[in-house]
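Let me begin by presenting the structure, written as structure tokens, before commenting on it.
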Amino acid sequence: MTEQEKQATLDQEELVTETAAETGQEETGTAGASAEAGAEDGVKELSEAERQLEEQRKLADEHYQRYLRTQADFDNFRRRSRQEKEDFAKYASVKLIEQLIPVIDNFERAITASKDNTDHEALLKGVDMIYRQLDQVLVQEGLQRIEAVGRPFNPEFHQAVMQVESEEHEEGTVVEELQTGYMLKDKVIRPSMVKVSG
């Protein structure tokens with residue numbers, strides 16, 4: 001190889017080395033820039049995550065406050081309902097009492113009149129009128145007499161206190177009512193006390 005060829009080869013090697021060095025520097029610079037950009041992106045992502053977390057905290061706090069208000073409203077509703085129920089139970093009979101007060105007034109008038117008057121016939125008529133007035137009030141409230149005499153004995157409506165022999169009635173028939181039974185609407189509140197044929 002000649003001197004010139006050697007020199008040309010060396011020049012080429014230097015050129016390749018310089019190019020490689022420059023390329024390495026560029027790559028290092030690009031890597032550094034990428035690292036800096038990555039760090040900035042990481043900071044951006046972190047601040048975005050913090051912002052979302054703060055939003056979720058606010059949302060959770062709003063839900064918790066709403067829950068507390070709902071709980072307080074429910075407690076107030078429950079307290080009001082209990083109070084209304086107590087008041088209803090306390091004053092449930094007001095309507096009936098209002099209807100019975102005139103009956104009491106009439107009884108008082110009858111008693112006062114009987115002291116000044118010896119007319120027993122008039123007193124009896126007055127008491128009968130008061131009885132019918134009282135009966136009408138109770139019927140309006142749903143009270144009914146239980147029909148017993150001549151009916152088949154039914155332990156749901158009748159209470160047998162005596163069994164008697166009867167040729168007029170079939171066996172198991174109510175012969176006589178000793179005490180009237182009553183139903184309030186569809187519920188027996190006192191069965192009729194009866195004698196039953198045997």
Inset, instruction - Just list whichever of 90/185; 90/195; 95/195; 95/125; 90/187; 115/185 have alpha carbons separated by over 30 Å in the model shown. - result: 90/195; 95/195; 115/185
Inset, instruction - For region 144-179, run through the GluC sites (Glu not before Pro) and keep only the ones in DSSP coil with at most 16 other Cβ atoms within 10 Å of their Cβ. - result: 147, 156, 165, 167, 168, 170, 171
Inset, instruction - Report residue 129's accessible area, 1.4 Å probe, all protein chains in place, as a number in Å² to the nearest 10. - result: 110 Å²
Legend entry - Cα gyration tensor category, rounded, prolate or oblate, for region 143-191 with a/c compared to 1.5: prolate
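Working with all protein chains in place, sort 169, 158, 120, 63 by solvent-accessible area computed with a 1.4 Å probe, largest first.
Working: 169 55, 158 10, 120 140, 63 95 Å².
From most exposed to least exposed: 120, 63, 169, 158.
The values are calculated or read from the model by the stated rules, or taken from the named source; none is laboratory data. Because the structure is a prediction, the values reported are computed rather than measured. Using ideal geometry, Cβ is built from the backbone for each residue, glycine included, and neighbour counts are taken over all protein chains shown. Only protein heavy atoms, including side chains, enter the accessible area calculation; ligands, DNA and RNA are left aside. Shrake-Rupley method; radii C 1.70, N 1.55, O 1.52, S 1.80 Å.
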